[in-house]
Amino acid sequence: MISNEAFVLGCSAIGAGLAMIAGIGPGIGQGIAAGHGAAAVGRNPGARGNIMSTMLLGQAVAETTGLYGFAVAIILLFANPLIGKL
């Protein structure tokens, strides 16, 4: 028979793995944004400053999704607030 604590730890490990899938979206989005930003600068080099600052701001916002997923995964693996609920 599996204990409640082992079950919660197993489910937490699965949840942490699922939370790390959140890192895929920002990686794809940032790559697309960098490509479109480079293309925009190629079409209009005079607007380089505006394009780059807007692109970098958008990438910073997109990166927070991956960081939140990473934080959830670390909390589930090491702090595990669910064990105290048993």
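A search for C-beta distances below 6 Å between a residue of the stretch 21-45 that is without any contact (Cβ under 8 Å) to a residue 24 or more places away in the chain and any residue that is surrounded by 11 or more Cβ atoms within 10 Å (Cβ to Cβ) and in a helix (DSSP H, G or I), counting only pairs 6+ apart in sequence or on different chains, returns G37/I51; G37/M55; A40/I51; V41/R48; V41/I51.
The helices (runs of 4 or more DSSP H) found wholly in the chain include none carrying at least 2 residues that are basic (K, R), open to solvent by less than 40 Å² (accessible area, probe 1.4 Å) and modelled with pLDDT of 85 or more.
The numbered conditions (1) closer than 24 Å to I74 by Cβ; (2) touching a helix residue (DSSP H, G or I) at 6+ places or on another chain (Cβ under 7 Å) are all true for R48 except (1).
The values are calculated or read from the model by the stated rules, or taken from the named source; none is laboratory data. Just so you know, these numbers come straight off a predicted model, no measurement behind them. Neighbour counts run over all protein chains shown; Cβ positions are idealised from the backbone, glycine included. Surface areas here come from the heavy atoms of the whole protein model, side chains and all, with no ligands, DNA or RNA. Shrake-Rupley method; radii C 1.70, N 1.55, O 1.52, S 1.80 Å.
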